[in-house]
Amino acid sequence: MARREEPRPAPLALALREISGNITLTKRSAYAWYVVPPARWAWRADGDRRGMVDAAGIAYAGLAGRRIRTRVTSRPYPVAAWARGLHARTPSPLPGAEDSTWSDNLLAQQRYLRTSATAEKEVYLGVEVAPRSRITALTESVMGKAGNRELAHLERDVELINEMVASPGIGGAPADPRRMEWLLHRSIGLGLPAPGGLMSPPGLSDQWETTDLHAFTEGVVVRPTPLGRCVQMVDRRPDHDPLTSYVAVVTLGRMPEMIIPDPRGPWLSATDALPFPVEVSSTVDILAGTATRTGVTKALLRIRDQQRQYQIHDVDEPASLTRQADHARRIEDEMSHGDDLVSTRTEGWYRLAVAGRTEAECMERVRAVRDLYKRRHMDAVLTKGQASLVREFVPGEPITSTAYRRRLPMRYYAAGLPQVSTRLGDRRGPLIGIIASSVRRPVMFDSHYSTEVKKASGLVPIVGRQGAGKSVLEAAICYQAARRGIRTVMLDPSGPLAALTEMPELKEFSEHIDLAKAPAGTLSPWAVVPEPQPGHFDDQEQFDEAVDEARAERKTLAIDIARMLLPAQIDSNAHTEALLLRAIRDVGAEPGSNYWAVIWRLREYAGLKFDGATMEPDDPGYKRLRDEGAAMHAQTLADLLADTAETRQGRLFFPPLTPAGQEIAARPPHTEAVLTVITMSGLVLPNPSVPREHWSFTERMSVPALHLASWYATRAVYGLPRHVRKVLALDECHFLAMWPVGRALFQRVGRDTRKYNVCCLAASQDPADTLNMDVANHVAASFVGRIEDERVAADALRLLGVPVDAGYEHAISTLSQPGPDGTPPDYREFVFRDADGNVDRFVADLSYNPGLLAVVNTDARQPGEGDADPSTVDDYADFTDDRVSA
Amino acid sequence: MALTVRPDDEVYQFDTVWLGPDEYTLPIQARYVAWGTWLACFLVAAVVLIPLGGSGPAGVFGSLIWSLGLSVVLSRAVMLVVDHERPLRSLPALFSAEARAALAARRRAERTVLVRPGKIRVRETPPKVIAMRERQRGRATARADRKRRAPVEVPVGAERVERVEPEWLPDTIDYGAGPTPAWSIPTDVTYHSDTDTYAPVPVIYGAAYPLAPSVMDPVLWVAESGRHAAHEAAIPVVAAAVTQPAAFPPVVDRPPAIRTNPFRSDPHHPEAPIQHETPEPTPYRGPVTVSPDGAPAGRHARPAREDKPDGQAALEARILLPARKDR
């Protein structure tokens, strides 16, 4: 026989005959396909999880009598679309430096995403509509298409199914042509790389034709091996070199007893934890309990008969037989008397497909899947007949092997929850990290998503103990905000983040203000409270209210700061507050006032002139208080405040006694710099746990300085038009929470974030600050870093909206777990609650930007020190706390 | 709260063993299915072997002995494959699948099985079907109305819950949304996960985006060489730094001040006076020039509020007044 040179095509026709909308028709059956949206599982209470399982079970029970098919496939993260979206939402990005342009910045993030992020899971649900009669199938083969009458009949059934599938437990929506195309593409080319653009670009046409189907089936070649462990798939499309992958299908076998909700997560979502995509195809018959009771009764009769045989032959029966009889009786009872959720049963086959570039890699992945399920006491079996099993993944293909049929109660099946997925971040803003739990998904954070899109407040607390990486996260968010051209003001008391202003791409557009070197009087309480601007208000009444409020804030601030400046013993004197109140009232609340006027008043109350000379009762303006004790105390207060003005730390609060000094104090802090970093070198913050009486002078000075610096930074917000995007980053907010005036600032900022389009990042060591400051309503998103104290961790969970006492406190304390030798890891983990309410753990990762990483690298050691092994350098140490306490 | 659920498999997975006739227990115990398999194998073997064994009782007997032995071996082989998970009836499909795979593999490597769509028809739901369905709905409504005798028209299906489609960002160029930068890594082509290289995306600039290349095309990504083409960014630096986002409406009363040099080198020593929206700075009213007896300037700065009586001040004045009289 002559040998053929050309390979003869051996077409393997699919069972699929027609795709009409979301309905696929084969010769025998019709399926309606739906897309199941992702559901959140992580960081939820057990009650909620159980509720999810039950709701899903009830929804599936409504589909009793039908066969349903679940297909889980994946789609690469839409990196390019994300980058284009980010660019579109960035109207005026900074051009950047030569090697770090805005484009480079986006490209670096895209490259990182390409290599680091796993694909996103998509879950499709196909529900059998109605079996097709032979006549309609015959008509179709004659006419070439399904008849309109048949389709109308199907549509009526589909409407019922739509309602069931859309119920809360599943929440599925009919698959649009785009999704159908993706499903078919991924199913026919199982294990092959994901295709790029399908169909025409969006907006032009959402329809697809039979020819589109040809486009991705023609090049796909399946090469089975007899008794092989896997199937070779070849993609021979002409636009690229042939791609080969090896696909193996694993079938789930014996399943154990299960606790619902399963603490290890839903069993059909378990493969999310694997570092490679796993395709799932399950075919399940939903059986109403009453309809299938006969089968159980028959099984029970056979068990009884077997038991009788053993008795007749006087042979010990296997122990399992009794157990099986009991189980059968219980099932029969459930089927007869249980509600829909309890009585409904399922029979089905669960197949998982893994692919590798080589057969060895494929088998390696099969082992990984089997090990994964072995840990759950489930069998995952690599059966024979792989070639036919691969075809089962294509919609419309029948079940090829009835082996490994699983009979599960509805609750067990519903607990599989293949749609459980992790979704974190707004998918709009710049990249801030990667989800660290079971999957590696990118986390994006758009600083103004909450205020502009959600129309909510923009306060973002970042809490964590010392070294949790708060400053690194702040730096990452602020860096990206600045690169997007968003006005950013950072208050970094310890100072290392000032290096951001030296980065080549930001240098031209940023400014570093060191308050320690600022002119005297920069932090005068009267000057730091911004004067409301008429243009920011809709009418005169609002403006008047704001002016009154600003005046009240100035007074409160002046009193509180004066008390902070005094030693604790003097502050606790009964006269202190009354005298300060009176003096500051007399001085007034205009931006031009200052502490020298207060000192003057206090001296007057003591019967002294401003320069300390004694006044006679006959002198004009003699105001000595009648209460001797109060008069003496007024003198003490005046002297103490005057002494403070002479110190290096204290001079910031007292403008020089010249007109120019006053002008300096009244000047707003910001210029037109896009990024302003305000630092306070030499600031020594006290340990919050040490009583105030034991604070040193420098520590005492640092607290009011920090307060006023926060107010100073806040002025930037009020100095710009309301609609302009702004980012404000405050640090060490736990000191603000200790004083009423700090709380007032927090409340004011929290309240105004939406109105002024501000994203306010507030770093603190204690989540209770945010919870106690009446700003919980203004929290847009929150980040929680490592916290070891159980009580504080519980507060953090409240901030995240995660149930307390459900074991998550331990999860908070194990974030950024140090290595066995006690060294902190090279990364920092946070739990993030995004503006949409999703919560999960993620790793703040800046490795895509080495320049930024170098800036936030706060290794305290000097370069060239002995143990400075580059591999052990801690890139994420929290420099803030190191420097503050240094 | 937690609930334990067991699969139903166990109920169906028990061994129905035939122990023998009553009162006589067989030395071997096998499942009914094994007996059945053996019997089938024996019959087949006998049907095949008896004609081959020659005529005569000896031949028939010999054939039966052979059939017996062969059927035992065969049935044991089959029963090695059959278990609770792989019932006997699932074997034919398995064998046929493997046989087809073997047939395909016996040919040359190129002789592979091609998956082809065949005669698959893809279409949207035809309008006729939708119209037909509408008529059906109308009839159903009418029937229901007649039964209820209530002439209230409730459109069927209106109460259905409209589900909002979850957010999905398409991984393709959104031509409708506006200018499309050309420098992002395209996903519109197949990418090779092993080499991680990408082909460029053709970007259409035309009448729709006449200004597009100058503003939005800072760098052209060239996949083959992996480097950037020397297309300089055309982003106006100053505008990028100081202009407000285009999405916001312009503020009429306070136009943003655009300057050629928007940033001062030293914030505290400005070279030029800054134009702020705030009114003129308040005149200096520090302790040097203002008498402590003078009323706070702020009170007079806003005459509208001047006449408001200050209750607290009056109270304090009353408290302090006797002290002065005493002196």
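Points to keep in mind about this one:
- Taken together, the residues in the stretch A:104-136 that are surrounded by 17 or more Cβ atoms within 10 Å (Cβ to Cβ), farther than 23 Å from residue A:393 by Cα and not hydroxyl-bearing (Ser, Thr, Tyr) amount to 10.
- Every listed requirement among (1) within 11 Å of chain B (Cβ to nearest Cβ); (2) in contact (Cβ under 8 Å) with a residue 60 or more places away in the chain is met by residue A:402 save one, (2).
- Hey, residue A:379 surrounded by fewer than 21 Cβ atoms within 10 Å (Cβ to Cβ), within 35 Å of the chain's Cα centre (by Cα), modelled with pLDDT of 90 or more and farther than 30 Å from residue A:843 by Cβ or not: yes
- Residue, farthest from residue A:152 (Cα to Cα), within the stretch A:11-41, restricted to residues that are more than 10 Å from chain B (Cβ to nearest Cβ) and of a type in the set (Gly, Ala, Ser): A:39
Listed here are the residues, each with its yes/no results for (1) more than 30 Å from residue A:182 (Cβ to Cβ); (2) part of a strand (DSSP E or B).
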| residue | (1), (2) |
| --- | --- |
| A:90 | no, no |
| A:94 | yes, no |
| A:104 | yes, no |
| A:124 | no, yes |
| A:135 | yes, no |
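- Residue check, residue A:470 farther than 28 Å from residue A:817 by Cα and of a type in the set (Lys, Arg): no
- Comparison of A:164, A:180 shows that the only residue that is facing chain B (nearest Cβ under 9 Å), under 22 Å from residue A:419 (Cα atoms) and of a type in the set (A, V, I, L, M, F, W, C) is A:180.
- Residues in the stretch A:624-670 that are modelled with pLDDT under 85, surrounded by 20 or more Cβ atoms within 10 Å (Cβ to Cβ) and of a type in the set (S, T, N, Q): 2 in all.
- Residue that is nearest to residue A:490 (Cα to Cα) [pool: residues in the stretch A:696-710 that are touching a residue at least 40 places away in the same chain (Cβ under 8 Å) and over 39 Å from the mean Cα position of the chain (by Cα)]: A:698
- Residue within the stretch B:51-69 that is closer than 29 Å to residue A:408 by Cβ and either of a type outside the set (Gly, Ala, Ser) or surrounded by 16 or more Cβ atoms within 10 Å (Cβ to Cβ) (or both) present: no
A quick yes/no check of all residues on (1) aliphatic (A, V, I, L, M); (2) under 18 Å from residue A:717 (Cβ atoms):
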residue	(1), (2)
A:478	no, yes
A:498	yes, no
A:501	no, no
A:510	no, yes
A:529	yes, yes
A:534	no, yes
A:540	no, no
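- Selection from the stretch A:711-733 of residues that are within 14 Å of chain B (Cβ to nearest Cβ) and over 28 Å from the mean Cα position of the chain (by Cα): A:712, A:715, A:716, A:718, A:719, A:720, A:721
Listed here are the residues, each with its yes/no results for (1) outside any loop (DSSP other than H, G, I, E, B); (2) surrounded by fewer than 18 Cβ atoms within 10 Å (Cβ to Cβ).
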| residue | (1), (2) |
| --- | --- |
| A:678 | yes, no |
| A:688 | no, yes |
| A:693 | yes, yes |
| A:699 | yes, yes |
| A:703 | yes, no |
| A:707 | yes, no |
| A:714 | yes, no |
| A:721 | no, no |
| A:727 | yes, no |
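- Evaluation of residue A:482 against (1) small (Gly, Ala, Ser); (2) within 21 Å of residue A:750 (Cβ to Cβ); (3) at pLDDT 90 or above (one fails), failing number: (2)
- Scanning the stretch B:46-83 for residues being touching a Ser or Thr at 6+ places or on another chain (Cβ under 6 Å) and either of a type in the set (Phe, Trp, Tyr) or within 30 Å of residue B:13 (Cβ to Cβ) (or both) gives a total of 2.
- Against the criterion of being assigned to a strand (DSSP E or B), in contact (Cβ under 8 Å) with a residue 40 or more places away in the chain and within 12 Å of chain B (Cβ to nearest Cβ), residue A:140 does not qualify.
- Scanning the stretch A:226-258 for residues that are surrounded by 15 or more Cβ atoms within 10 Å (Cβ to Cβ), among the aliphatic types (A, V, I, L, M) and out of contact with any Cys (no Cβ under 7 Å at 6 or more places or on another chain) yields A:231, A:233, A:234, A:243, A:249, A:250, A:252, A:255, A:258.
- In the stretch A:545-623, counting only helices (runs of 4 or more DSSP H) that sit wholly within it, the ones holding 1 or more residues that are surrounded by 24 or more Cβ atoms within 10 Å (Cβ to Cβ) and more than 11 Å from chain B (Cβ to nearest Cβ) span A:574-587.
- Meets criteria (of a type outside the set (Phe, Trp, Tyr), without any contact (Cβ under 8 Å) to a residue 40 or more places away in the chain and within 12 Å of chain A (Cβ to nearest Cβ)) for residue B:51: no
- Residue count for the stretch A:743-777, restricted to those that are more than 18 Å from the chain's Cα centre (by Cα) and within 19 Å of residue A:715 (Cα to Cα): 16
- The strands (runs of 3 or more DSSP E) found wholly in the stretch A:439-538 and carrying at least 3 residues that are surrounded by 24 or more Cβ atoms within 10 Å (Cβ to Cβ) occupy A:459-463, A:487-492.
- Given (1) of a type outside the set (Gly, Ala, Ser); (2) in a helix (DSSP H, G or I); (3) within 7 Å of chain B (Cβ to nearest Cβ); (4) touching a residue at least 12 places away in the same chain (Cβ under 8 Å), index of the condition residue A:112 fails: (3)
- Hits in the stretch B:1-30 - residues which are over 29 Å from residue A:327 (Cβ atoms) and at the interface with another protein chain (Cβ under 8 Å from one of its Cβ atoms): B:23
- Tally of residues being facing chain B (nearest Cβ under 7 Å) and in contact with a Lys or Arg (Cβ under 8 Å, 6 or more places away or on another chain) across the stretch A:294-313: 0
- Filter pass, residue B:33 being surrounded by 13 or more Cβ atoms within 10 Å (Cβ to Cβ), within 14 Å of chain A (Cβ to nearest Cβ) and assigned to a helix (DSSP H, G or I): yes
The values are calculated or read from the model by the stated rules, or taken from the named source; none is laboratory data. Since this is a predicted model, take the numbers as computed values, not measurements. All Cβ positions, even for glycine, are placed from backbone atoms using ideal geometry, and neighbour counts span all protein chains on display.
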